[in-house]
Amino acid sequence: MAPNYRYHIWHPSLCQSNHEINKDIYTAVDRAYRWKILAENLQKKYSSPKYPAWRRRKAIHNRIRSFHRKARNVLEDWARKAPLKIARLAVKLQHALAREDLTGLIEALRKLPKDHRVKLIIMGYSRLVKWIDWQAMKHGAPIVIVDPRETSSECPQCESKLEENGYRILRCPRCGFEADRDVIGKLNIRKRALKMLGIKVIPGGVLAPHCLSDDRCKPE
């Protein structure tokens, strides 16, 4: 973390990383998604011609509503608690936080498969971001918001265009750098955030740990 976590929200986990750490953080999206699917399946079941009077059964209505409510509660609880832990960790380690500016996330959802799109909508990215920013401000943790364009398709080492090399694996045809798409995104967000903080990023040395302490990497 320096800055060290990435919110790549289409994936059901948050990620935090630096030159030493690459860790997925459970997001509770899958658990909420399961409640939503239960509600939708129950409603679909009793909408069939086999159950013509289901709409008059209050118990069925209540059960469907309870499943939707549980899905909302799971995400609301997580959206409040996860940012608090992240902000406290950043303060403890004296690190900054970085996230993508995904203002146009909803538009991007239309291009995703239905299951991913539903998960993203459920998560309520704007709600999560609100709590992250608020907790960072409350605890005094610097937060950097970077441009999300090409964070998952640009080589973090030489900035060339990456090519697919297997499921979710990208490889740079120029320098040979290869990693998972999420890892690449995290590295690029970290790199861009460091530049915004005025910390020099040595070409080809995005993973170099000395960049947090060495004089060569201090702001000019």
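Kindly state which strands (runs of 3 or more DSSP E) lie completely within region 134-191 and contain at least 2 residues that are in contact (Cβ under 8 Å) with a residue 12 or more places away in the chain and within 25 Å of residue 81 (Cα to Cα).
Details: elements: 143-146, 169-171, 178-180.
So the answer is 143-146.
Every residue in region 79-97 that is at negative phi and either surrounded by fewer than 20 Cβ atoms within 10 Å (Cβ to Cβ) or polar (S, T, N, Q) (or both), please. First the steps, then the outcome.
Residues of region 79-97 that are at negative phi, as a first pass: 79-93, 95-97.
80, 81, 82, 84, 85, 88, 89, 91, 92, 93, 95, listed by residue number.
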Q | Residue among 154, 220 that is at pLDDT 75 or above and out of contact with any Gly (no Cβ under 7 Å at 6 or more places or on another chain) | A | 154
Q | Meets criteria (farther than 24 Å from residue 199 by Cβ, under 16 Å from the mean Cα position of the chain (by Cα) and polar (S, T, N, Q)) for residue 126 | A | yes
Q | Unmet requirement for residue 122, which otherwise passes all of (1) farther than 29 Å from residue 77 by Cα; (2) in contact with a Leu (Cβ under 7 Å, 6 or more places away or on another chain); (3) touching a residue at least 24 places away in the same chain (Cβ under 8 Å) | A | (1)
Q.
Which pairs turn up if I take residues in region 36-50 that are surrounded by 15 or more Cβ atoms within 10 Å (Cβ to Cβ) and look for partners that are modelled with pLDDT under 85 with beta carbon separation below 6 Å, at least 6 apart in sequence or on another chain?
A. 46/54; 46/60
Q. Within region 98-120, which residues are surrounded by 13 or more Cβ atoms within 10 Å (Cβ to Cβ) and over 30 Å from residue 194 (Cα atoms)?
A. 112, 116, 117, 118, 119
Q: Please report, ordered by residue number, the strands (runs of 3 or more DSSP E) entirely within region 1-114 with at least 3 residues that are modelled with pLDDT under 85.
A: 13-17, 22-26
Q | Matching option when the condition is in the same structural domain as residue 34 (by TED's automatic domain parsing) and closer than 30 Å to residue 67 by Cα, among 86, 143 | A | 86
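The values are calculated or read from the model by the stated rules, or taken from the named source; none is laboratory data. If you're wondering where the values come from, they're calculated on a predicted model, not measured in any experiment. As a convention, Cβ positions derive from the backbone with ideal geometry for all residues, glycine included, and neighbour counts pool all protein chains shown.
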